[in-house]
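Submitted below is the structure of interest, expressed as structure tokens.
Readers should treat all values here as calculations from the given coordinates under stated rules, not as data from a laboratory. Predicted, not measured: the structure shown is a model, and the values here were computed from it. A quick note on method: Cβ atoms are made from the backbone with ideal geometry, for glycine too, and the neighbour counts reach across all protein chains shown.
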Amino acid sequence: MCSEGSALQPVLSWGDLHFNPATFEATYAAQPLNLTAKEYCLLELFLKQGRCILRRDEILQRLWQPEEMPHEETIKAHIKHLRRKLQAVGAPADLIETVYGVGYRLQENLP
């Protein structure tokens, strides 16, 4: 769905946030996250990139096929929903940091 060969990938972690690409199970501080398919893919992308800033156009290119490419505003909506779901299980509001005028990345104060 998100990345090929995900059954061979280890669990991705960032502080208390964990995602298993093989089973599409995500948790924050052992609390399960109930995400949509695109939110799982977005979370996996952030965890793989860590502190690297992801631009909206880059996220679009990585998560959507050219024939189904939505507008960049769609990225804002998906990130907003993902942030809400993370906050609902105790994650900091700024775990996914907005780098204004550039894009998004995971908050640097976490390991």
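Would you mind calculating the gained length between residue 98 and residue 60 on full extension (0.36 nm times residue separation, minus the Cα-Cα distance), in nm to one decimal?
12.1 nm
Right, here's the next one. For the range 30-46, take each phi angle, set θ = phi - 60°, evaluate the Karplus expression 6.51 cos²θ - 1.76 cosθ + 1.60, and give the result in whole Hz per residue in order, putting x for glycine and proline.
6, 8, x, 9, 9, 10, 6, 4, 5, 5, 4, 5, 5, 4, 4, 4, 4
Please sort 39-47, 69-77 by packing, taking for each peptide the average over its residues of neighbouring beta carbons within 10 angstrom, highest first. Provide the component values of the computation, followed by the final result.
Working: 39-47: 20.8, 69-77: 13.4.
Going by the mean number of other Cβ atoms within 10 Å, highest first, we get 39-47, 69-77.
If I compute Rg/Rh (Cα atoms, Kirkwood Rh) from the structure I just sent, which labelled value in [x] 1.08; [y] 1.12; [z] 0.93 lines up?
Computed from the coordinates, Rg/Rh (Cα atoms, Kirkwood Rh) corresponds to [z].
All other residues with a Cβ under 12 Å from the Cβ of residue 87 taken together, and with Lys, Arg as +1 and Asp, Glu as -1, what is their net charge?
Net of charged neighbours comes to +3.
Once both labels are modelled 7 Å past Cα along the beta-carbon direction, what's the residue 22-residue 77 spacing in nm?
3.5
Continuing with this model, one more query. Short version: ³J(HN,Hα) in whole Hz for each residue of the range 76-90, in order, from phi by Karplus 6.51 cos²θ - 1.76 cosθ + 1.60 (θ = phi - 60°), x for Gly and Pro, what are they?
Rounded to whole hertz, the list is 4, 5, 5, 5, 4, 5, 4, 4, 4, 5, 5, 4, 4, 10, x.
Another one. What net charge do the residues around residue 73 carry, taking every other residue with its C-beta under 11 Å from that of residue 73, with Lys and Arg at +1 and Asp and Glu at -1?
Net charge in that neighbourhood comes out at +2.
Could I ask something else about it? Put +1 on the Cβ of every Lys and Arg and -1 on every Asp and Glu Cβ in the chain; which of 9, 35, 95 then has its Cα farthest towards the positive end of the dipole?
Result: 95.
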